Amino acid sequence: MSRANIAIVEDDASVRKSAEGLLQAAGFGTASFASAEAFLKFERRSETDCIILDIFLPGMCGMEAITILKRELPNTKIIVMSGSGRARDNVIHETAKRLGADATFNKPFDATQLLAAIKSLLP
Amino acid sequence: MSNDKQLPISGQAGKTLDTPADAFAIKNPGRSKRVHRIVLKDLVVHKYFDEEVLMRRADRIAQEVIKADLRDGEYFRQVKTGNYVLYLPKLTPAAGQLRTSVIIDRISREIRRIHPGSIALPEMADAMVTRRAAQQRGALYRRAKIVPASANDDLSSKNTIADVKEHRYLATEAFKLMSRGYRLRLEELLATAEIGSQTPIARFEPIWDVDRKLVSAFRCVLDESPSLISSKVIEPTGLQVARTDALTVLQAQSVLQSLVNDSNPSLMVVPVHLRTLENNAFLSAYIEAIGNVPEALRKFLVVEILSDLEKPTRFGLRHVMSYLRNRCRTILCRTNFNEDEFSKYADNGVFAVGLSAHPDYPPGQNLYLMNGFAKAAQRSGMRVYTSGLYTKSLLVGAVSSGYAFVSGAQVVGDVDYPFGARKATLDMFFRMDAFPSEPTHIRSNAAAAS
């Protein structure tokens, strides 16, 4: 598999850093952003194969970003991450998928499952 | 005052006070936050009974109720006829106030049980103010004519007091009555408003019922333009707040009537500040405003109590709820993230307790706090609602946290006029064209269609 480019959009710096380390160790190219707006201004965003997107972002939220990304980058896979512990967390996951997300995970994410999901989504 | 006398300090089963500090507190009630007053004149007036005789009987009833209710280490003292102080050293001031309000409620019910002709507080307030005002002015109390706004009125220019001279007279009398601690009638409270400023409701915020997937309720959004004097923002006074609360009811009533006339009813959530309800001067005026809402409209009227947790309530929620309960469809209580005692809402029949997302917090922090609030409330069996949801993710997060009713710009933006009940799924809120964003007055739509 050629090296794929993965963007991480997450406002928590520690989560960004650990995701980057995990993906780079797995052989992926990475770029990380603290907000959806920052990613949408990234001039090489069209080269992104997969986005790992937090739902609760400052400014433009993850749900809104999904609808924009599906329009602007229809071939880019979207993996959504959200915090867990709510009564009906499946509502977030189901809504994200209806809007166009390809996979959803709860935070803190399981590294093995995340890598398996990325590999299954990318050709 | 010749009949009043200082009576000995009493305690539970005749027990003496434990410490000199206790004795000092009960002798100096104005200086201790753990001393609470009970004034029987607040509870009792009888239309057909001699007030002095009734007050003596009420005294006996009150002493029996107080003695039966006090626990070890709690004391009471009769200051004069119909006037008691309770000393509750083991309770916090707020808990003591709540306890006192429960005792007052029991005394009131016992008095009404024994003397069925005793009338409730608002009617009593009416009788007392009327009698005292007539005695002082030496003339019959002049009642200004309140003209309720009708559906066809342009509310921005209509005065609810018909006569300007009458308005000025009532305003003067209202301030005099307030300064003497009397309760205001609705017309007196409204008379203190400037002529023309009768429309506090600026917009309506649609509320989504998550389980029924229905937008059928609209919260009145008040015009919160601050008063500005030489660039300093002036906080509204209690009088201004009470007046706004009463005017909100009047305006909401007019809108509701219009909706019902058009066979397009919606639930109307009308906010009222707790500080209005717990202030003796304003409570009866507000209850009069709510009580004037016709029976046919009350089933659409939802009262939302806006509480300020930084100030403990004087009478407690139970006291407030007893006046509102039969005058509207249901009651909501809005609080904030610091709320940690939900059983009081459940115990007093509040339908749902809610809060607003904090506009300055990041979405993740808001959701974390909202989730905690919802869990704590739901453990007490309370429904929860939220507003001010400023991102779509917060909206979805609120739903996932179990909020039963949600509102905010990301649900449906505020509208100039309620658009009636509409089915709505979560996905619809992601579509820009799902709900009206322009003014949707039904008459203008009907006129355009014809």
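Of the residues A:VAL80, A:VAL9, A:VAL15, which single one is touching a residue at least 12 places away in the same chain (Cβ under 8 Å) and either more than 14 Å from chain B (Cβ to nearest Cβ) or within 30 Å of B:ALA404 (Cβ to Cβ) (or both)?
Working: A:VAL9 fails: either more than 14 Å from chain B (Cβ to nearest Cβ) or within 30 Å of B:ALA404 (Cβ to Cβ) (or both); A:VAL15 fails: either more than 14 Å from chain B (Cβ to nearest Cβ) or within 30 Å of B:ALA404 (Cβ to Cβ) (or both).
One residue alone meets the criteria, A:VAL80.
Keeping to the range B:271-287, report how many residues are crowded, with 24+ Cβ neighbours inside 10 Å and within 22 Å of B:ARG203 (Cβ to Cβ).
2
Output yes when any residue across the range A:83-105 is more than 10 Å from chain B (Cβ to nearest Cβ), in contact (Cβ under 8 Å) with a residue 60 or more places away in the chain and assigned to a loop (DSSP other than H, G, I, E, B), and no when none is.
The answer is no; no qualifying residue exists.
Tell me yes or no: at least one residue of the range A:51-74 is surrounded by 15 or more Cβ atoms within 10 Å (Cβ to Cβ), among the aromatic types (Phe, Trp, Tyr) and part of a strand (DSSP E or B).
The answer is no, given that none of the residues of the range A:51-74 is surrounded by 15 or more Cβ atoms within 10 Å (Cβ to Cβ), among the aromatic types (Phe, Trp, Tyr) and part of a strand (DSSP E or B).
Taking B:ASP72 as meeting all but one of (1) at pLDDT 50 or above; (2) acidic (Asp, Glu); (3) surrounded by 14 or more Cβ atoms within 10 Å (Cβ to Cβ), write down the number of the exception.
That leaves (3) as the condition not met.
Applying the selection to the range B:403-432, what residues are of a type in the set (Lys, Arg) and assigned to a loop (DSSP other than H, G, I, E, B)?
B:ARG431
Can you find even one residue in the range B:232-252 that is among the basic types (Lys, Arg) and at pLDDT 85 or above? Please lay out each step first, then the result.
At the first step, the residues of the range B:232-252 found to be among the basic types (Lys, Arg) are B:232, B:243.
Next cut, at pLDDT 85 or above only: B:243.
Checking the range B:232-252: at least one residue is among the basic types (Lys, Arg) and at pLDDT 85 or above.
Taking the range A:36-59 only, how many residues are of a type outside the set (Val, Ile, Thr) and within 14 Å of chain B (Cβ to nearest Cβ)?
Number of matching residues: 8.
Can you tell me how many residues in the range A:59-108 are of a type in the set (S, T, N, Q) and modelled with pLDDT of 90 or more?
Of the residues in the range A:59-108, 5 are of a type in the set (S, T, N, Q) and modelled with pLDDT of 90 or more.
Here's a check for you: in the range B:374-400, which residue that is within 12 Å of another protein chain (Cβ to nearest Cβ) and either under 24 Å from the mean Cα position of the chain (by Cα) or surrounded by fewer than 20 Cβ atoms within 10 Å (Cβ to Cβ) (or both) is nearest to B:ALA217 (Cα to Cα)?
My answer is B:VAL384.
The values are calculated or read from the model by the stated rules, or taken from the named source; none is laboratory data. What you see is a predicted model, and the numbers here were worked out from it, not measured in a lab. Quick reminder, even Gly has a Cβ in these numbers, built from the backbone with ideal geometry, and neighbours come from all protein chains shown.
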